[in-house]
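**Q** Here you go, one structure.
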Amino acid sequence: TIETVLDSNNLDAPGDVGAWPSMAIDSNGNIMIACQDVGNENLLLISIDDEGWLTEVVDDGMNRGADASLVMVDGAPVIYSFNGYDNDLHVSTTTANGWDNSYVAGDEAAVGFHIETVDSPNGLYVASYDYTNGQIWFSVN
């Protein structure tokens with residue numbers, strides 16, 4: 001059993017960090033955690049390598065990162081999260097220049113609560129709660 005506390009003492013992210021955590025393991029067996037930096041309202045990706053814990057800001061828009069769901073797709077992290085400013089679902093993917101943060105759903109409803117993602121040979125499955133209509137929003141990519 002390994003037990004570690006991640007806080008401002010060992011992360012480059014002072015304050016209230018770690019809400020809505022979602023964890024995945026990369027192809028090297030390293031832990032990756034997507035979560036919200038509550039104080040700054042950012043979506044973070046926290047990972048570990050030979051140097052220790054690394055903190056990366058994925059999305060620094062207003063009120064980002066709640067209900068994060070991290071999944072590895074073709075060896076790269078993909079993070080779905082709730083954009084609380086616009087009440088919609090966003091996806092963050094890595095690019096050669098950093099992160100691309102894109103709208104997924106929520107024009108007519110507050111979609112993006114309690115997100116779950118599953119990568120399978122049949123596609124990437126994404127589900128979340130549609131708060132406006134009181135139902136499940138579901139997609140297969």
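**Q** Can you send over the carbon and sulfur percentage of the accessible area for the chain, probe radius 1.4 Å, protein chains only?
**A** Numbers: 3710 of 7930 Å².
Carbon and sulfur: 47 percent of the exposed surface of the chain.
**Q** Here's a follow-up. Between ASP16 and GLN135, how high is the FRET efficiency from 1/(1 + (r/R0)^6) when r is the Cβ-Cβ distance and R₀ = 25 Å? Nearest 0.05.
**A** Values: r = 31 Å, r/R0 = 1.25.
Efficiency for this residue pair is about 0.20.
**Q** For region 26-141, what class follows from the C-alpha gyration tensor (a ≥ b ≥ c being the square roots of its eigenvalues): rounded when a/c is under 1.5, otherwise prolate if a/b is larger than b/c, else oblate? Walk me through the intermediate numbers first.
**A** Details: a/c = 2.11, a/b = 1.35, b/c = 1.56.
Oblate.
**Q** Ok, one more. Compare the peptides 54-62, 91-99, 41-49 by average per-residue count of other Cβ atoms within 10 angstrom and give them in order, highest first. Don't jump to the answer; show the numbers that get you there.
**A** Values: 54-62: 17.2, 91-99: 13.2, 41-49: 20.0.
Result, highest mean Cβ count within 10 Å first: 41-49, 54-62, 91-99.
**Q** Moving on to the next point. How much accessible area per residue does the chain have, counting only protein heavy atoms and a probe of 1.4 Å, in square angstrom? Write down the numbers at each step before the final one.
**A** Values: 7930 Å² over 141 residues.
Using a 1.4 Å probe on heavy atoms only, each residue of the chain averages 56 Å².
The values are calculated or read from the model by the stated rules, or taken from the named source; none is laboratory data. For clarity, every value in this text was computed on a predicted model and none was experimentally measured. Note: ideal-geometry Cβ built from the backbone for every residue, glycine included; neighbour counts use all protein chains shown. For the accessible areas, the whole protein counts, side chains as well, though only heavy atoms, and no ligand, DNA or RNA atoms are used. Shrake-Rupley method; radii C 1.70, N 1.55, O 1.52, S 1.80 Å.
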